[in-house]
1. Could you check Cys398 against (1) more than 16 Å from ligand 1 (Cβ to nearest atom); (2) more than 30 Å from Pro506 (Cβ to Cβ); (3) in contact with an Asp or Glu (Cβ under 7 Å, 6 or more places away or on another chain) and say which number it fails?
2. From (1) of a type in the set (Lys, Arg); (2) out of contact with any strand residue (DSSP E or B) (no Cβ under 9 Å at 6 or more places or on another chain); (3) assigned to a strand (DSSP E or B), pick out the condition that doesn't hold for Arg175.
3. Which of (1) open to solvent by 40 Å² or more (accessible area, probe 1.4 Å); (2) of a type in the set (S, T, N, Q); (3) farther than 23 Å from Ala73 by Cβ is the odd one out, the single condition Ser254 does not satisfy?
4. Counting only residues that are farther than 27 Å from Leu87 by Cα and polar (S, T, N, Q), which one in region 139-184 is least open to solvent (accessible area, probe 1.4 Å)?
5. Determine which single condition Leu347 fails, assuming it passes every other condition in (1) outside the structural domain of Val369 (by TED's automatic domain parsing); (2) over 23 Å from Gly70 (Cα atoms); (3) surrounded by 14 or more Cβ atoms within 10 Å (Cβ to Cβ).
6. Is it the case that region 466-485 has a residue that's farther than 30 Å from Tyr235 by Cβ and touching a Phe, Trp or Tyr at 6+ places or on another chain (Cβ under 7 Å)?
7. When region 199-237 is examined, which residues are found to be open to solvent by 20 Å² or more (accessible area, probe 1.4 Å) and within 13 Å of ligand 2 (Cβ to nearest atom)?
8. Here are Cys249, Cys225: which of them is farther than 30 Å from Asp581 by Cβ, away from ligand 1 (no atom under 16 Å from the Cβ) and in the same structural domain as Gly373 (by TED's automatic domain parsing)?
Amino acid sequence: MPASIPRERLIVGVDYGTTFSGVSYVTTAQRDVKDITVIRRWPGDTDARKTPTRIAYKEDNPRLEGIKWGFQADAKVMSCAWTKLLLDRGSDSQEHDDPVLRQAAGSGIFHLPEHRDAEGVCEDFLREVYQHVTQHIEMKIGQGLFDVTPMDCWLTIPATWSDRAKASTKDAAKRAGFGGRKALGDRLSTIMEPEAAALAALKGYEAGESINPIKAGEHVLVCDCGGGTVDITTYVVFTTTPLQFEELCAKCGSTFIDRNLHKLMSEKFGAAFDKVPAAKKGPGSIFMKDFEILKSDFRDSAPDHVVELTLKMDLEESESYDPDDGTIKLTRRELRGLIDPVVLKVLQLVRSQAQEVQKIGQGKIDRIVLVGGFGDSIYLFERLKEWSRRELGAIIVCPEHPQSAVVLGAALRGLEGLAPRKRKCRRHYGVAVGMPFRPDKDPVQFRYQDAATKMDYCSGRAEWLLKKGAEITKDTKKIINIDIHVKQGQEKIAELELFSCNLATPPDRVDHERVTYVGKIRVDLTSYLDSDSSGRKDLKIGGKGSYSIAAEVQVEFGNESGILQFKTVIDGKEAGKTSIDFD
Ligand SMILES: Nc1ncnc2c1ncn2[C@@H]1O[C@H](COP(=O)(O)OP(=O)(O)OP(=O)(O)O)[C@@H](O)[C@H]1O
Ligand SMILES: [Mg+2]
């Protein structure tokens, strides 16, 4: 094809969710949100907008011929579920590490096979998704076209994840095949989940698309209630055509209705429930499928109204169990006890977000858009509506297919390049530096003398480069000025440690217990210094041929993907290779 003819590109959005994953696609020849196709044909189900995020291995199931995944990794096989929550271990949000969740792990949730870690399981699942999706698209557009059309893949990742988890999930997707046809120019990018949800939500209420369109100046709170997390982000809309908006503030929390069910069962039936094998009560089991229906049908009614689940347990007959057909009787009050904590969490997050919007002088929230699987719950809708009528006065809306909002938004980013003009930094970022020693404040064990100035310094002090809540535009970057000392015969590499902190006011030392080590920024100047000798200052210490060179390490926070980027500049020019090592 002659170079002058612009080629169309395929845009593929991938939502790797805790419980369900989805994929959407569109070509750049089409320009409308309505042209985006959400894949509904999955192995084991031909009409589902998402497939279960589950994978079963031969290593765990000798009878399997190979991998089974999605709907086919049903309860008859030992599968890996909720793996996504294992990808951010060691992050500064400890919310997932609670005893009830650990107890649920005993029922198959969080299982990992011996031969794969969480990143490996994520990669294997995404590989199956990649193969399925590429085959599906190839069938739809024809092999000839598929083989020459470059693919832009947009993977969604949680906004609150550590930088390490974001990077390792992107790497897993890369190894799985996304963005892999290099010769064609395939690319893999990431978009933060709440942002993707917001794109779909805001586009869905554009003038001409809705009888209740979003107006310029509106404050819109997007609430994504998924299987594992609630993400709440508020945006102010500046113009609707073209859509221009900025992030005002964000909050998140975890939600586990399914986990609450396991806890209740264990409390009610003790060992009889605990002994039931994971295949009968874990993700994908008939028991959990029945619970899905109870959950989505749930709405307020008489507290003693009884609902039923079926599970064979070694138990005598009682008021709440019939051993003949394994019927478990649950009152509405009990069911409500499972769902209410999640609804209350959502209400709490929405309320605190509304207060924050007011605090920053932005007035009030006008509209709440509910997305995500649990966003479809009529009970949640009713409770929020009632609360908003009393306290907020915002309208509550839920788009047609709320569970697909994130995957739709991912394709929209690729198609229209839509992104908020400003975001808020989710945590403080900083580096460890030596600062002049303060005799009344600094512990003496950190005191050292600077060789050049002979002054006392204190090591391990935190220099916070970007504060939590600070505005981030696409150009936001922070500069760390360093002198790189090069000694004859040694590697021309400098390293800097990057830290983060989630507290409102960050501490002044990096060894504080609430400061998290992000990774080591590595500046490799080997090729640069071998070819360019300008800017060197000879050093008296370190032996003959030793010199120092002043460099600017730039941390780019404004990258659209939400993943940190690094660059080193010497004498105004980019120099060497700069990367981050999370290990
Ligand atoms: N109508 C409904 N009412 C209540 N809950 C529902 C309904 N439909 C789906 N769900 C629940 O929504 C959850 C799945 O939602 P979703 O697909 O948005 O989550 P996810 O993307 O897997 O998770 P996360 O975004 O937290 O990683 C499941 O727990 C499912 O039981
Ligand atoms: Mg989700």
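The values are calculated or read from the model by the stated rules, or taken from the named source; none is laboratory data. Given the structure is predicted, the values throughout are model-derived calculations rather than measurements. All Cβ positions, glycine included, derive from the backbone under ideal geometry; neighbour counts span all protein chains shown. In case anyone asks, the SASA skips ligands and DNA or RNA and just uses the protein heavy atoms, side chains included. Shrake-Rupley method; radii C 1.70, N 1.55, O 1.52, S 1.80 Å.
1. (1)
2. Every listed condition holds for Arg175 apart from (3).
3. Result: Ser254 fails condition (1) only.
4. Thr149
5. (1)
6. Keep residues of region 466-485 that are farther than 30 Å from Tyr235 by Cβ, which gives 480-485.
Add one more test, that the residue is touching a Phe, Trp or Tyr at 6+ places or on another chain (Cβ under 7 Å), and what stays is none.
No, there is no match, as no residue in region 466-485 is farther than 30 Å from Tyr235 by Cβ and touching a Phe, Trp or Tyr at 6+ places or on another chain (Cβ under 7 Å).
7. Answer for region 199-237, where residues must be open to solvent by 20 Å² or more (accessible area, probe 1.4 Å) and within 13 Å of ligand 2 (Cβ to nearest atom): Gly226, Gly227, Thr229.
8. Cys249
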